[in-house]
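No value in this document is a laboratory result; all are computed from the given coordinates. These numbers come from a predicted model, not from an experiment. Heads up, the Cβs are rebuilt from the backbone with ideal geometry, glycines too, and the neighbour counts pull from every protein chain shown.
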Amino acid sequence: MNGVHDMGGMHGFGPVEPEPGEPVFHARWEARVLGLTIAVGKLFGNIDARRHMIERLPPADYLQFSYYEKWLARLMSSLPEEPANERPMSPSEMTAVVRSGRPTLREGGREPRYCVGDRVAARDLNTEGHTRLTRYVRGRPGVIARLHGSHVFPDTNAQGLGENAQPLYTVKFRARDLWGPEAAERDTVCIDLWEDYLEAR
Amino acid sequence: MSHDHPHDHDHDHGHSHAHDAPQNPYVEPRRTAEENAVLEQRVEELEELLIEKGYVAKETLDEIVRTYETDLGPMNGARVVARAWVDPEFKARLLADATAAIAELGFGGLQGEHMVVVENTPEVHNVVVCTLCSCYPWPVLGLPPTWYKSPEYRSRVVIDPRGVLKEFGTTVDESVEVRVWDSSAEIRYLVLPERPPGTDELGEEELAGLVERDAMIGVKKLQ
């Protein structure tokens, strides 16, 4: 969706202000929200569905809420009414999940259409659903820089329409092709794009 | 921490940046004590409810928090970088398959399932962002700092990377390519900074002590 979360290239937010000696959490509730999200996140669907929940916050809320307030809003938005039908994960089971993660690389899948060095363009797609195709690359020409194998496709996975695993590429764009002649001549932006986001140039 | 007056510029930054740039009136990440108290209460109730219904165990939550507060952080990434500086074969494996090489040091898992390490050289300076949310390599850097998650950083570093780097006190010569990595998929990026000059005599552990988080994101160079 063309949401406020898709921030690359926007103006008006002011300077970046690092906080010296920043703690991991600024308040206890932030730590508990992180823990709850990792522990019960699957209640709200896969990672793509969960990201889409954040993107669909009212735009003013999205901008005003801190990071963990957005996560809290997601937790509050779909609390289960029924008791759990299995026992909760133990600390050691949870540690195993944190340690192994949830890989999105899939075996098989279709043959990659593009090779490193191929000239492509990001398609100008405007889905209302979840997508990782940022606005700032749409329609712009780039070059395939790396192939990462077949990965779960967020656009379908977020909507429960299947993983649709497909080739994922790093595509390199010249800064001037994205931002015009004011950009530094040598600078580039590399972004990871699935095959369905691309067309040959 | 809490700030009663949200725009107090009482901070003591070791660098200069554009204080005359407009403040975004919509973004205020800090909360007053009263606001935090309300949030504490709300989250406590939420936690109790989920425990009562059997979805989560309190000791499991405690363990997750402990892990992210103490086990996972930039000290892990620093060990990866220091090893790459002293061991050329490890560095070659790291650049070829970072996930496997990082696992050799015992790191991996959530938000680091598919790692790529990008090397700074005299020709290329790399810097990492996630413009769409705040993707970050948790196993090697821990949870991201607030500035990395901010609209300020996410919006600007792709369109004005040199301006953002300058705010961190980092100047990159015009002859050097600034390469921004926007983490739009599940690939997580770690910058391998250039080894600082005059460190030939240092061992791996001492070198790891020199590696700052911000250099592994790419907004700083190591001196």
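Taken one residue at a time, the phi angles of the range A:186-201 give Karplus couplings (6.51, -1.76, 1.60, θ = phi - 60°) of 8, 6, 9, 10, 9, 9, 8, 10, 7, 4, 5, 8, 10, 9, 6, 10 Hz. Gly and Pro are set to x. Per-residue shielding of A:93-100, expressed as the average number of other chain Cβ atoms within 10 Å of the residue Cβ, stands at 6.
How high is the FRET efficiency between A:Val97 and B:Leu105 when r is their beta carbon distance and R₀ equals 25 Å, given to the nearest 0.05? Could the numbers behind the result be given before it?
Details: r = 20 Å, r/R0 = 0.81.
Approximately 0.80, to the nearest 0.05.
Lacking any other cysteine beta-carbon closer than 4.7 Å, the following Cys residues of the protein assembly as shown have no compatible partner: A:Cys115, A:Cys190, B:Cys133. With 5 Å bins beginning at zero, the pair-distance distribution over Cα atoms of chain B amounts to 1, 6, 12, 15, 17, 16, 13, 9, 7, 3, 1, 0, 0 %.
Relative contact order (percent) for chain A, with alpha-carbon contacts under 8 angstrom and 6 or more residues of separation? If you can, show how the numbers build up before the last one.
Numbers: 264 pairs, mean separation 41.4, N = 201.
Relative CO of chain A lands at 21 percent.
If a/c stays under 1.5 just call it rounded; otherwise compare a/b with b/c (prolate if a/b is bigger, oblate if not). Do that for the range A:7-66, with a ≥ b ≥ c from the square roots of the Cα gyration tensor eigenvalues. Oblate.
For A:Trp194, the residues whose amide H sits under 5 Å from its own are A:Tyr169, ignoring neighbours fewer than 5 places away on the same chain, with H placed 1.01 Å from N.
3J(HN,Hα) couplings calculated from phi for the range B:161-166 with the Karplus curve 6.51 cos²θ - 1.76 cosθ + 1.60 (θ = phi - 60°) are, in sequence order, x, 5, x, 5, 4, 4 Hz; Gly and Pro show x. Reported to the nearest whole Å, the Cα centre-to-centre distance from the range B:68-86 to the range A:1-65 is 25. Close amide-amide hydrogen proximity is noted between B:His114 and B:Arg188, each under 5 Å apart and 5 or more residues distant or on a separate chain (H modeled in the peptide plane; Pro and chain starts excluded). Shown here for the range B:75-151: GluC sites (Glu not before Pro) in loop regions (DSSP other than H, G, I, E, B) with at most 12 other Cβ atoms within 10 Å, namely B:Glu123.
Expressed in Å, the radius of gyration and Dmax of the Cα atoms of the range A:98-201 are 14.5, 45. Taken residue by residue and averaged, Cβ atoms of other chains lying within 10 Å of the Cβ of B:202-215 number 0. Computed from the Cβ-Cβ distance with R0 of 45 Å, the FRET efficiency linking A:Leu79 to B:Glu204 stands at 0.40.
Can you order the peptides B:41-47, A:13-19 by their average number of other Cβ atoms within 10 Å per residue, highest first?
Order by mean packing, descending: A:13-19, B:41-47.
Divide by every residue of chain B the summed helix terms, -39500 (n - 2.57) for each DSSP H run of at least 4, and state the resulting mean residue ellipticity at 222 nm, rounded to the nearest 500 deg cm²/dmol.
Numbers: 11 runs with 91 residues, N = 223.
Helix-only estimate at 222 nm: -11000 deg cm²/dmol.
Along its three principal directions, the equivalent ellipsoid of the protein assembly as shown from the Cα gyration tensor extends over semi-axes of 31, 26, 24 Å, largest first. Inter-chain neighbour count for A:77-84: the average number of beta-carbon atoms from partner chains within 10 Å of each residue's beta-carbon is 3.
Using a simple charge model, +1 on the beta-carbon of Lys and Arg, -1 on the beta-carbon of Asp and Glu, nothing else, what dipole does the protein assembly as shown show about its Cα centre, in debye to the nearest 20?
Values: 47 positive and 70 negative charges, 276 e Å.
Dipole size: approximately 1320 debye.
Annotation: amide H of B:Val178 within the under-5 Å range of A:Asp187, A:Thr188, B:His125, sequence separation 5 or more or interchain, hydrogens built in the peptide plane. Applying the Karplus relation 6.51 cos²θ - 1.76 cosθ + 1.60 with θ = phi - 60° to the range A:141-152 yields 3J(HN,Hα) values of x, x, 10, 5, 10, 6, 10, 9, x, 8, 10, 3 Hz, where x marks Gly and Pro. Treating chain A as a set of equal point scatterers at the Cα positions, no solvent, please give the Debye-formula log₁₀ I(q)/I(0) at q = 0.11, 0.13 Å⁻¹. One equal scatterer on each Cα of chain A leads to -0.68, -0.93.
Given an 8 Å cut-off on Cα distances and at least 6 residues of separation, report the relative contact order of chain B as a percent. Write out the running numbers ahead of the final one.
On the way: 301 pairs, mean separation 52.6, N = 223.
The value is 24 percent.
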